[in-house]
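The values are calculated or read from the model by the stated rules, or taken from the named source; none is laboratory data. All values reported here derive from a predicted model rather than from experimental measurement. Neighbour counts run over all protein chains shown; Cβ positions are idealised from the backbone, glycine included. To get the accessible areas, we keep the full protein, side chains included, count just its heavy atoms, and leave off ligands, DNA and RNA. Shrake-Rupley method; radii C 1.70, N 1.55, O 1.52, S 1.80 Å.
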Amino acid sequence: MASFIASSTVRRFVSSSGFAGGVLVAAAGVVASISSPLSWLDDTNANNYSTKVSCQAAPSASPGTKSALDKSTLRTRMTCVGRFSLESETSTNPSIPTFFVALAGNKPFTAHSFAQLWKDRGMQDLHPRFHHVVSPTHVGYFEPNTEELDIQEALPPMIYRNDLKHRIQACLTHPLNVNDALWQVQISSGILGSSGAIPGNKVELLRQEFPYFKESILLFRGHHALADGVSLTAAFGDLCDEAQELRDAVHHEVKRRMGRNKTILQRLQLYLKRLVWFLHGSVQATLHHVYLLLFTPNNPFSELQDLLQTEINQTDGRTVSWCDAAPLNQVKQVAKSMGKSVTINDVMVSCVTYAVAKQLEFHKTRLQATHPDNAILKRVHNTINVVIPVHLGGGVLLPGQSVGNNLGAFCAQVPGEGTIGAEVRLQHVHESLHTVKNTPAPLLSYMLARVATSCFPISLKQWLFTSAITQSHACVAITNNRGSPRELHLDGQAIVSMAGFLPLPPSIPIGVSITSYNGEISLSVTAEPWAVPDSDLFLKWMLEEYARLEKITKAEEKTKGGRTYF
C-alpha cells in the first residue's frame, strides 16, 4: 500500500513558483486537476502536475479581505465527538469515513460541475464547516480555510473493481492533514460499468435504454472531526437536484412526529417519563456493559491474530468490497415474517454474524493444518460481541442543522456459531439488540466522550478509547445509513449506486455498512487483511444467510396462503 501511495503524483497545486497553468479559485475555492488516481493523498511531489482546470466558485469575501481575515473572531469550537475522534485515532487506524457515489448520464461529471453545483446550492452557507480546517494553534477549534478546496479529476479505474478498491483502501488508511483540509473529493469518468461501482444488472438495464451513457465516480473522504458518516451523507443530499424536496420531507416528518401542541401538564408528564427512562435505562445499560466486560469471551480474531499474520503476506491496509443485497421491500417482508418488532437492521446484523462465524471457521480449518495442537484453534465461540454506532438525531439532519458529530454507540452479544439455523440466529440477534437499543446506552457513550474530551489529556483519551473497545471484546462494527427512498440526481445525472466504508476503530478488525437507497439495500465491508483476506467472500456468506431467511419467509407465506411481496 505504501508503494502504491508513493507512486502517485501531485495532490494539490501549491507551487511557490507561481506556474501560470495553475488556476486558483476564489474563496469557496476549488482547484481541479487531472492526475494519477492517488495523487490527492500525496504531498511529497507537489511540483509534478498534469493538466490543471479552473472552475469558478462563489467568493465568501473580497480578495482584499480574504487574506486579512481575523481568525480569532471566526474560530469555532469542535464538537466533543469530533475532537475525541481526532485525539484518539492512531496512525494505523485514522478516523476517516469514506464513500463513493456513482452517476450515470450522457456526459461526464467534472470538477467544473461539482464546483458550480457547490456554488449554486449555497453549500458554504448551509454547511460552513466544509470551509474550515483544524486550528494548528488552538486545540479543539476550527478556523477558516484560506486555501483552495481540493477537487481532483483522476483517470478512470481501469481494472474492474480492483482499481476502485485500491483507491478506497488508500482513502481509509492514508492520514489526512486536518490543518490543511478536512475533506477531499476525487472525480473520475469513464465507460459505463468499467469501474465496478455500479452492479452489473443495473449496468445492463442502463445500456439497453441509454447505450451512450457514461459513468462518473465521486470518491469522498472526510475526517470524523468534520462530521460523522451519517451527517456527511445527509449533507451530500443538499447538493442533489432534489435537495429542497428532501428538506421538505424531513420538515414534514418532524412536524408529524411532534403532533399537536401539548399542554403544560402533558409536557411535564413527558419529561418525567423521559427522566425515569434515562435513570432506569442508565442502570440497565451500565450493568449490561459490565457483564460484557467480565463474562464474555475474548475477541476471537484477537486470539488468532498472531497466527494469521504469520500465514498471510499482507498485514497492512484494508480489504474492501460492496454489493447490492436485496430490494428494501423484500427485506422488510422478511423482517415482518420473523416477528412484529424485528427490524431490517436485525436481519442484516444476523447475516453479518453468520459471515463472521464462517470466517472464523475458515481460518481455524486452514491453521489446523500447520498448528494441529494449538489450543486456541479448538475453542468454540458460541457468542461474539458487536459494536453498533447510533446517530442520536435519527439518521437525518434537521431543517437548518449543519453537519456535526451526533454519534453514540452500544455493544451487544450475538450468536457466534455458524451451525445454528438462520431463523434461530435472527431471533437471538433481535432479542439482544432490542434489549440494549431501548436503553440510553448510545447517549451515555456520547456523554462520556464529552467528559473525556473536556477533562482528560490526549494520551489518557487514547488509552481510554482503545481500552474501552478492547475490553468490550467486540470483533465487528456495524453501521446503518438510511438514504433517499427515491432516485436522486446531480446536475441532471442519476445517482445509480453508492457505498460507504467504515473507518476501523483500534482492535476491531471488521466494519460493515448497511445502506438503503432508492428501494435497495446495499452492503459494504472494510476489514483488516489478516482477518478477512477476501472481502468478496465475506459478503457472499452474508448473502447466503439472507437467502436462507428469504426462503423461510417464502415457505411461511406459501403455507399460510398469503400474498408474498417478492
Note on the range 418-566: contact order normalised by length, alpha-carbon pairs under 8 Å, 6 or more apart, percent, works out to 18 percent
For a label point 7 angstrom out from the Cα of residue 420 toward its Cβ, which stretches of the range 373-396 have the backbone nitrogen within less than 13 Å?
-> 381-385
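Leaving ligands and nucleic acids out of the surface, order 127, 138 by accessible area at 1.4 Å, largest first.
138, 127
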How much FRET efficiency would the formula 1/(1 + (r/R0)^6) give for residue 383 and residue 340, where r is the Cβ-Cβ distance and R0 is 30 Å, rounded to 0.05?
-> 0.75
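How about the range 451-557: which trypsin sites (Lys or Arg not before Pro) there are in a DSSP loop, with at most 13 other Cβ atoms within 10 Å of their Cβ?
Working: sites: 461, 482, 486, 540, 548, 551, 554; in loops: 486.
Those satisfying the criteria are 486.
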Could you give me the percent of Cα pairs per 5 Å distance bin for the range 480-519, shortest bin first, beginning at zero and ending with the bin that holds the maximum distance?
-> 6, 19, 24, 18, 13, 10, 7, 3, 1
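Mind giving me the FRET efficiency for residue 138 and residue 191? R0 is 45 Å, r the Cβ-Cβ distance, nearest 0.05 is fine. Please list the in-between numbers first.
Working: r = 48 Å, r/R0 = 1.06.
For residue 138 and residue 191, the calculated efficiency is 0.40.
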Sort the range 194-327 into rounded, prolate or oblate with this rule: let a ≥ b ≥ c be the square roots of the eigenvalues of the Cα gyration tensor; rounded if a/c is under 1.5, and if a/c is not under 1.5, prolate when a/b is larger than b/c, oblate otherwise.
-> oblate
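Where in the range 339-430 are there GluC sites (Glu not before Pro) that are in a DSSP coil and have at most 11 other Cβ atoms within 10 angstrom of their Cβ? Please report the intermediate quantities before stating the final value.
Values: sites: 361, 417, 423; in loops: 417.
Answer by residue number: there is no such site.
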³J(HN,Hα), Karplus 6.51/-1.76/1.60, whole Hz, each residue of the range 82-93, x for Gly, Pro | x, 5, 4, 5, 5, 8, 9, 5, 10, 5, 8, 10
Spin-label pair residue 77/residue 177, simplified geometry with 7 Å Cα→Cβ offset, distance in nm = 3.0 nm
From phi via Karplus (6.51, -1.76, 1.60), per-residue ³J(HN,Hα) for the range 331-346 in Hz, x at Gly/Pro | 5, 4, 5, 4, 4, 5, 5, 8, x, 4, 9, 6, 10, 4, 4, 4
Could you check the simple spin-label distance between residue 90 and residue 291, using points 7 Å along Cα→Cβ, in nm with one decimal?
-> 3.0 nm
Please work out, to two decimal places, the log10 of the ratio I(q)/I(0) at q = 0.14, 0.26, 0.27, 0.33 Å⁻¹ from a Debye calculation in which every Cα of the range 72-115 carries one identical scatterer.
-> -0.68, -0.95, -0.99, -1.19
Residues whose placed amide H lies under 5 Å from that of residue 396, excluding near-sequence neighbours = none
List every residue whose amide H lies under 5 Å from the amide H of residue 98, counting only residues 5 or more places away in sequence or on a different chain, with H placed 1.01 Å from N in the peptide plane.
-> 501
Inter-part gap, Cα centre of the range 241-274 to Cα centre of the range 413-453, in whole angstrom, is 27 Å
For the residue pair residue 244 and residue 537, what label-to-label distance in nm results when each label sits 7 Å from Cα along the Cα-to-beta-carbon direction?
-> 5.3 nm
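Given the pairs 332/437; 364/540; 378/437, which span a C-alpha to C-alpha distance of over 30 angstrom in this model?
On the way: 332/437 19 Å; 364/540 19 Å; 378/437 33 Å.
Going by Cα-Cα distance, 378/437 fall outside the 30 Å limit.
Using R₀ = 56 Å, calculate the FRET efficiency as 1/(1 + (r/R₀)^6) where r is the Cβ-Cβ separation of residue 451 and residue 551; round to 0.05. Let's see the in-between values first.
On the way: r = 48 Å, r/R0 = 0.86.
Approximately 0.70, to the nearest 0.05.
Subtracting the Cα-Cα distance from 0.36 nm times the residue separation, let me have the gained length for residue 375 to residue 256 in nm, one decimal.
On the way: separation 119, 0.36 × 119 = 42.84 nm, distance 5.76 nm.
Full extension of this stretch gives 37.1 nm more.
Could you list the trypsin sites (Lys or Arg not before Pro) in the range 306-359 that lie in coil according to DSSP, counting only those with at most 16 other Cβ atoms within 10 Å of their Cβ? Write out the running numbers ahead of the final one.
Details: sites: 318, 332, 336, 340, 358; in loops: 318, 340.
Counting only loop positions with at most 16 other Cβ atoms within 10 Å, the trypsin sites (Lys or Arg not before Pro) in the range 306-359 are 340.
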